[in-house]
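Peer 1: Starting off with a structure, shown below.
The values are calculated or read from the model by the stated rules, or taken from the named source; none is laboratory data. These figures come from a predicted structure and were not determined experimentally. Cβ atoms come from the backbone with ideal geometry, glycine included; neighbour counts cover every protein chain shown. Accessible surface areas use protein heavy atoms only, side chains included; no ligands, DNA or RNA. Shrake-Rupley method; radii C 1.70, N 1.55, O 1.52, S 1.80 Å.
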Number of protein chains: 2
Amino acid sequence: MYETVVLNQQVRVIDQEMQGIGGQKLDMPSLCSADLWKTSERWDLMGKELFRLKDRHNADYCLGPTHEEAVTTLVAHQATLSYRQLPLLLYQVTRKFRDEPKPRFGLLRGREFYMKDMYSFDMSEEAAHKTYESVCQAYTRLFARLGLRCVQVQADTGNIGGTLSHEFQLPADIGEDRLLVCGTCSFAANVETLSPDKTDCPQCSTGTLVESKGIEVGHTFYLGRKYSNIFKATFSNHQNKPTVAEMGCYGLGVTRILAAAIEVMSTEEAIRWPGLIAPYQVCVLPPKKGSKVEEAAVLAEDLVHTLGQFLPHLRGEVVLDDRTQMTIGKRLRDAGRLGYPYVVVVGQTALEEMPKFEVICQQTGETVFLSKDGLIDLLRTVETV
Amino acid sequence: MYETVVLNQQVRVIDQEMQGIGGQKLDMPSLCSADLWKTSERWDLMGKELFRLKDRHNADYCLGPTHEEAVTTLVAHQATLSYRQLPLLLYQVTRKFRDEPKPRFGLLRGREFYMKDMYSFDMSEEAAHKTYESVCQAYTRLFARLGLRCVQVQADTGNIGGTLSHEFQLPADIGEDRLLVCGTCSFAANVETLSPDKTDCPQCSTGTLVESKGIEVGHTFYLGRKYSNIFKATFSNHQNKPTVAEMGCYGLGVTRILAAAIEVMSTEEAIRWPGLIAPYQVCVLPPKKGSKVEEAAVLAEDLVHTLGQFLPHLRGEVVLDDRTQMTIGKRLRDAGRLGYPYVVVVGQTALEEMPKFEVICQQTGETVFLSKDGLIDLLRTVETV
């Protein structure tokens, strides 16, 4: 259940960033007609990765792993598209399907997963490169907001095609991609794009390339006119002449970012979500029923009420774990497993003359004792979507 | 694009109502293993309606048209489920797939569509009936909030199974279901459940049954132990003994509600969305560039600003249609096609000594002339999600 809450919040952050650069959200079908994929020649090219099926009339379909064909056809059908409406950025956040030979690690690489895919249409190569750049910057902002270190590396264009491509990689030991990063300049690339024994930086030629592992969480492609030529996606230019659009496409592995974030942020004891999208920001623990400090229970309820009152941005983000038949220790372990960024224990110290709450900050692992005002000040700066 | 915005808002209303009765949201896969469906015997029963496919290892899958098998297995795997945690209400809003012989009217009956499906688990038949009732009430509330007249009728259980079932039907001429409604008592049923020439009410026996047509937008089933027996979905009862849960399942056609609402609410000239989920609540039209009243343009911008200031619930809900190269008439027609509930024309009357705005209320078709304060008063009561 918590995964669904977090997924929804992550989609909201993605929506903000994509709409921030002019992206318009839509929803394309999962069932894709084979005709379109045969036209682009990817019906054969995709091989076993493509899930294929037939309908009751024996017509061929595939489950869309990506939607270049569908979106380009959609734009081709807009009879009146003018250069004034460009760049046109269309995106969706939907389930994609890929018959992976080795699905692994649950959400990290499943055969069915949520992906954000955006497609851009521009009037010239120059304009398309500007759009490409603006999407890369939006990706960089997104990962920064999620508190994830991300490296943008040169990448292969694979069966999508095009002439320019970058991957967004989260450095992680369990990553399956091998990256080469220059110690001197800004150069970074997927090993696939270089000769395997390369050690000198091809950009600055003085630096040495250092290898690390990464989890691919985003991929951008400058496509040129590959799909727009095939499907006749045109716009009217300044002279009112139909002109083939320059395209780009941009993927983000929505479920994979979630899985990768947990992988790189969590510890043995505690799950850690990116704070911004955590399912709840604060969990308050009243004392165990029948314990010496049972009377502090009312202070816990009071605290939840006060937080709601003084911190409107945290409304709906504070949980009271009132399973008071359980010990504090047991509930603390559960809180660790669920990944609340802040856990507040209301116990002995809350009953003292100068009442203090025990506050465990999951992101840093620190424990601090704070007065009610101190706690409010701490939580005032917590960002939510 | 607007459909996606409206769809998202509708999902928010559904989330509110489902979580209001204790529903917990999750996300189950579309690719369903044939094994589960063979176990329930629906693999054969579903016939051609089920989209079937094989993966690269030649294993059989179907695209889930509904998820009784999956959710019951999920609950069966919760080793420690206790009667204290019941009723358990799990739901999702995902794409479903059904190989319809005759897909029609776009979103009204597609082969791929969004459905909300909820599944309930209870400790006794009595408790399950109470849950069933509470879901039906939530559905009724939902349709009331959307401003849609909806009839709850007795229905067939079809291949889902179970012993009790209702459909939620929107009366509409293009509807494909035939309903019989008693003119005297509260009885209402799908024709399928009665003998076709029935004219006397089987409930009050004095009333006459009147036939009408309806679009099915929701369906509820009391399942008993049909699936929980097969998949061993049990909980620990008061005596700590494993006991088979009583189940119900409850569908809402999310995309279909949208299509049906447009169908029953719209006119020849104007699309009408349920006000609560309209893509934007207000569209402000400044005068055409170069027209006699061009100077009113600044008043239009000023109005948008004022509305944002005085009506925080409408922030992000007010659109300024600044395509001022187009006539007011042309933009009014576009506004009608997009379905903004309120369209405000800023023209001649806004420049008079007692400035008035021309306000077109799409839901009623009325046009009124209001001062700025009058407009703010009118819009203050507009509900948003």
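Peer 1: Would you kindly state how much longer the chain becomes between B:Thr4 and B:Glu301 on full extension, computed as 0.36 nm times their sequence separation minus their alpha carbon distance, in nm to one decimal?
Peer 2: Numbers: separation 297, 0.36 × 297 = 106.92 nm, distance 2.71 nm.
Result: 104.2 nm gained on full extension.
Peer 1: Within the stretch B:275-380, what whole-number % of the accessible surface is contributed by carbon and sulfur, with the 1.4 Å probe and all protein chains included in the calculation?
Peer 2: On the way: 2820 of 5310 Å².
Reported share for carbon and sulfur atoms: 53 percent.
Peer 1: Sticking with this structure for a sec: Based on DSSP H runs of at least 4 residues, each adding -39500 (n - 2.57), what is the mean residue ellipticity at 222 nm of chain B after dividing by all its residues, to the nearest 500 deg cm²/dmol? List each step's numbers first, then the result.
Peer 2: Details: 10 runs with 111 residues, N = 385.
Calculated from helices alone, the mean residue ellipticity at 222 nm is -9000 deg cm²/dmol.
Peer 1: How would you rank A:228-234, B:216-222, B:277-283, highest first, on the average number of other Cβ atoms within 10 Å across their residues?
Peer 2: Numbers: A:228-234: 19.3, B:216-222: 23.9, B:277-283: 22.3.
Ranking, from highest mean packing down: B:216-222, B:277-283, A:228-234.
Peer 1: Using R₀ = 45 Å, calculate the FRET efficiency as 1/(1 + (r/R₀)^6) where r is the Cβ-Cβ separation of B:Glu125 and A:Arg141; round to 0.05.
Peer 2: Values: r = 54 Å, r/R0 = 1.21.
My answer for the efficiency is 0.25.
Peer 1: Just the number please: accessible area per residue for the stretch A:275-380, 1.4 Å probe, all protein chains included, in Å².
Peer 2: Averaged over the residues of the stretch A:275-380, the accessible area is 50 Å².
Peer 1: Compute the accessible area per residue over the stretch B:1-113, keeping the other protein chains in place, probe 1.4 Å, unit Å². Don't skip to the end; give the middle numbers.
Peer 2: Working: 4970 Å² over 113 residues.
So the stretch B:1-113 comes to 44 Å² accessible per residue, rounded to a whole number.
Peer 1: At what distance in nm do the modelled label points of B:Lys38 and A:Gln16 sit from each other, each positioned 7 Å from its Cα along Cα→Cβ?
Peer 2: Going by the 7 Å Cα→Cβ label model, 4.9 nm.
Peer 1: Here is a further query. From the gyration tensor of the Cα coordinates in the stretch B:99-181, what semi-axes in whole Å does the equivalent ellipsoid have, largest first, with each one equal to sqrt(5λ)?
Peer 2: Numbers: eigenvalues 123, 58, 38 Å².
So the equivalent ellipsoid measures 25, 17, 14 Å along its semi-axes.
Peer 1: What is the set of long-range amide H partners of A:Gln363 at a cut-off below 5 Å, with H atoms built 1.01 Å from backbone N?
Peer 2: Excluding prolines and chain starts, which carry no amide H, there are no hits.
Peer 1: With a 1.4 Å probe and every protein chain left in place, tell me how much accessible area B:Ile215 has, in Å² to the nearest 10.
Peer 2: Near enough 10 Å² of accessible area.
Peer 1: Are there chymotrypsin sites (Phe, Trp or Tyr not before Pro) in the stretch A:92-140 that DSSP marks as loop and that have at most 14 other Cβ atoms within 10 Å, and which are they? Mind showing how you got there, number by number?
Peer 2: Numbers: sites: A:Phe97, A:Phe105, A:Phe113, A:Tyr114, A:Tyr119, A:Phe121, A:Tyr132, A:Tyr139; in loops: A:Phe105.
Of the chymotrypsin sites (Phe, Trp or Tyr not before Pro), the ones in loops of the stretch A:92-140 whose Cβ has at most 14 other Cβ atoms within 10 Å are A:Phe105.
Peer 1: I need the Kirkwood Rh of the stretch A:275-380: take the reciprocal of the average 1/r across all distinct C-alpha pairs and report it in angstrom.
Peer 2: Numbers: mean 1/r = 0.0732 Å⁻¹.
After inverting the pairwise mean of 1/r, the radius is 13.7 Å.
Peer 1: Using 0.36 nm per residue of separation minus the Cα-Cα distance, give me the extension gain between B:Ala59 and B:Arg380 in nm, one decimal. Could the numbers behind the result be given before it?
Peer 2: Working: separation 321, 0.36 × 321 = 115.56 nm, distance 5.74 nm.
Gain in length upon complete extension: 109.8 nm.
Peer 1: Ok, one more. How much accessible surface does B:Asp197 have with a 1.4 Å probe, in Å² rounded to 10?
Peer 2: 120
Peer 1: Averaged across orientations, what area in nm² does the convex hull of the alpha carbons in the stretch B:63-103 project? Intermediate results must be reported in sequence, preceding the final value.
Peer 2: Numbers: hull surface 15.8 nm².
Its average projected convex-hull area is 3.9 nm².
Peer 1: Compute the relative contact order of chain B as a whole-number percentage, counting only Cα pairs closer than 8 Å that sit 6 or more residues apart in sequence. Numbers along the way, then the final one.
Peer 2: Working: 755 pairs, mean separation 56.1, N = 385.
Answer for chain B is 15 percent.
Peer 1: Now, a different point. Probe radius 1.4 Å, ligands and nucleic acids ignored: give me the carbon and sulfur share of the accessible area of the stretch A:164-225 as a rounded percent.
Peer 2: Working: 1320 of 2820 Å².
The computed percentage sits at 47.
Peer 1: With angles folded into 0 to 90 degrees, how steeply does helix B:125-145 sit against the dominant principal axis of chain B? Use alpha carbons for both and round to 10.
Peer 2: Roughly 20 degrees between the two axes.
Peer 1: Roughly how much accessible area, to the nearest 100 Å², goes out of reach of solvent when A and B pair up, both sides summed, probe 1.4 Å? Kindly include the intermediate steps, with their values, before the conclusion.
Peer 2: Values: alone 19040 and 19040 Å², together 35280 Å².
Buried area (both sides, nearest 100 Å²): 2800 Å².
Peer 1: When N is the residue count of the stretch A:2-265, what does its C-alpha Rg come to as a fraction of 2.2 N^0.38 Å?
Peer 2: With N residues counted in the stretch A:2-265, Rg over 2.2 N^0.38 Å equals 1.03.
Peer 1: Counting Lys +1, Arg +1, Asp -1, Glu -1, what net charge surrounds B:Leu311 among other residues with beta carbon under 9 Å of its beta carbon?
Peer 2: Working: positive: B:Arg315, B:Arg380; negative: B:Glu317.
Here the charged neighbours net out to +1.
Peer 1: A follow-up question, please. What residues have an amide H closer than 5 Å to that of B:Gly339, excluding those fewer than 5 places away on the same chain, when H is modeled at 1.01 Å from N in the peptide plane?
Peer 2: Amide H to amide H, under 5 Å and 5 or more residues apart or across chains, B:Gly339 pairs with B:Ile271.
Peer 1: Short version: ³J(HN,Hα) in whole Hz for each residue of the stretch B:309-318, in order, from phi by Karplus 6.51 cos²θ - 1.76 cosθ + 1.60 (θ = phi - 60°), x for Gly and Pro, what are they?
Peer 2: My calculation for the stretch B:309-318 gives 6, 8, 10, x, 5, 9, 4, x, 10, 10 Hz in order.
Peer 1: Over the stretch B:275-380, what relative contact order in percent results from Cα pairs under 8 Å that are six or more residues apart? Walk me through the intermediate numbers first.
Peer 2: Details: 175 pairs, mean separation 32.9, N = 106.
Normalised by residue count, the contact order of the stretch B:275-380 is 31 percent.
Peer 1: Using the Cβ atoms and a cut-off under 14 Å, what net charge is assigned to the surroundings of B:Asp55, where Lys and Arg are +1 and Asp and Glu are -1?
Peer 2: On the way: positive: A:Lys48, A:Arg52, A:Arg98, A:Lys102, A:Arg111, B:Arg52, B:Lys54, B:Arg56; negative: A:Glu49, A:Asp99, A:Glu100, A:Glu112, B:Asp35, B:Asp60.
Computed value for this residue: +2.
Peer 1: Quick one: 3J(HN,Hα) in Hz for the stretch A:281-295, Karplus 6.51/-1.76/1.60 with θ = phi - 60°, rounded, Gly and Pro as x.
Peer 2: These are the phi-based 3J(HN,Hα) values: 7, 9, 10, 9, 10, x, x, 5, 4, x, 7, 4, 9, 3, 4 Hz.
Peer 1: Could you list which residues have their amide H under 5 Å from that of A:Gln24, counting only those 5 or more apart in sequence or on another chain, with H placed in the peptide plane?
Peer 2: Close amide H contacts, sequence-distant or interchain: A:Leu89, A:Leu90, A:Tyr91.
Peer 1: Further question on the same structure: Calculate how steeply helix B:254-265 sits against the longest principal axis of the alpha-carbon atoms of chain B, using the helix alpha-carbon long axis, and give the answer as 0 to 90 degrees to the nearest 10.
Peer 2: Roughly 50 degrees between the two axes.
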